[in-house]
1. Please report the relative contact order for the chain, taking Cα pairs under 8 Å with a sequence separation of at least 6, and give it as a percent rounded to a whole number.
2. Would you work out the Kirkwood radius for region 258-346? I mean one over the mean of 1/r across all pairs of different Cα atoms, in Å.
3. Evaluate the distance, in nm, between pseudo-label points positioned 7 Å from the Cα of Ile344 and of Ala293 along their respective Cα→Cβ axes.
4. Arranged from highest to lowest average of other beta-carbon atoms within 10 Å per residue, in what order do the peptides 306-315, 87-96, 101-110 appear?
5. Using 29 Å as the Cα-Cα cut-off, could you pick out the over-long pairs in Lys122/Lys218; Lys122/Lys206; Lys55/Lys175; Lys114/Lys218; Lys175/Lys242?
6. So how do 291-300, 154-163 stack up, highest first, on mean other-Cβ count within 10 Å?
7. So how compact is region 26-170: Cα radius of gyration and Dmax in angstrom?
8. Which log10 I(q)/I(0) values, to two decimals, does region 200-341 give at q = 0.14 Å⁻¹ under the Debye formula with one point per Cα?
Amino acid sequence: MKFPRSRRPRRPLLVPAVLAAVAALAPGALAAAPTGLPAPAQGLNLLVVGIDSRKGLTAAEKERFRLGGKECDCTDVMMLVHVSAGNDRVDVVSLPRDSLTSFPDRHRDRRTGKLHAAHQAKINGAWSEGGSAFAVETVESMTGLPVHRYLEIDFRRFMDTVDRVDGGVPICTEKALKDPATGIDLQPGTRPVGGGEALQYVRSRKADGQMDFGRIRKQQKFVVNTLERLREDVLHHPGRLKELAETLRGTGATARGITAPELVRLAWRLRNLRPDRTEFATVPVRGFHPVIAGVGSTVAWDEEGAAEVFRRLREDRPLPAADEVAPSQVSAATYRPAPGASLICP
């Protein structure tokens, strides 16, 4: 429908039109999920995981982007995303992949079909032993929060999704970053990257001396800058929005998996959300546990601080400020929530 110039709607109203157009492009798509995207009274919790999988990558891509190593068959990234009930705030809490947890007795291994006895493990092993359902259950057990939807992204889908963003996604650094493991070599400043270089950036953990905690902050910065690019461009083009959602979601079956139409609907719910209404943090960490036989070196959560973070989310309240949580024994792991606006590249 075309509007006379004087009657054209303002820009924020484009998103409902986008939603309708997506439905027209894919008849019945918005009704694909049996129950639709939930709208819980205390907010929506989405678990986003990144899988260390090279499936679908070409030999040339593996060589160029340093992806030829052995995949861990685990979740390298775990982010718990809380969308407030009023859709006016988003809090993202990263869960370090080496966080120590305990798996319950008689859980079934998705690789072998065997039942495991109770044992200690790293949180990233939940997906390996029990797939998406067990990863969700483990996060719910550790946080006390319900996980309403789940999004699983492997290397191929990550690269393809970033490549759908015209002009790439900006990454920035104040100091030179060079990581021989991933091949990333950045000079100070800002520049846009495509999918392959983006993957090198979010996987890098040896360039700044901050281990996995530095990598988590890079991942959070990349998420913020990707969302900002999408808001500037893709959100207002229904065909491209539909394609991007389908690329990101993929076709694999997962427990409580969010659908591509639900991703579109979530974008609609958050259409007016400003970057300063988002906040990113890593779960409060006390330090490291002594090495555990069969498990290795693991991250110890600050039980009191973590409980407060997840209590706030459970009550649909903003994250606690940095000075409300005790500092970590590891300086790089000290709890410091960052507004999304502070992570946008200049």
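1. That works out to 20 percent.
2. Values: mean 1/r = 0.0649 Å⁻¹.
One over the average 1/r among Cα pairs gives 15.4 Å for region 258-346.
3. Using points 7 Å along Cα→Cβ, the separation is 5.4 nm.
4. Descending packing order for the listed peptides: 87-96, 306-315, 101-110.
5. Beyond 29 Å: Lys55/Lys175; Lys114/Lys218; Lys175/Lys242.
6. 154-163, 291-300
7. Just the Cα atoms of region 26-170 yield Rg and Dmax of 17.3, 50 Å.
8. Results for region 200-341 at q = 0.14 Å⁻¹ read -0.89.
Values in this text are rule-based calculations from the coordinates and carry no lab data. As the structure is a prediction and not an experimental result, all values here were calculated from the model. Virtual Cβ from ideal backbone geometry, glycine too; neighbours counted across all protein chains shown.
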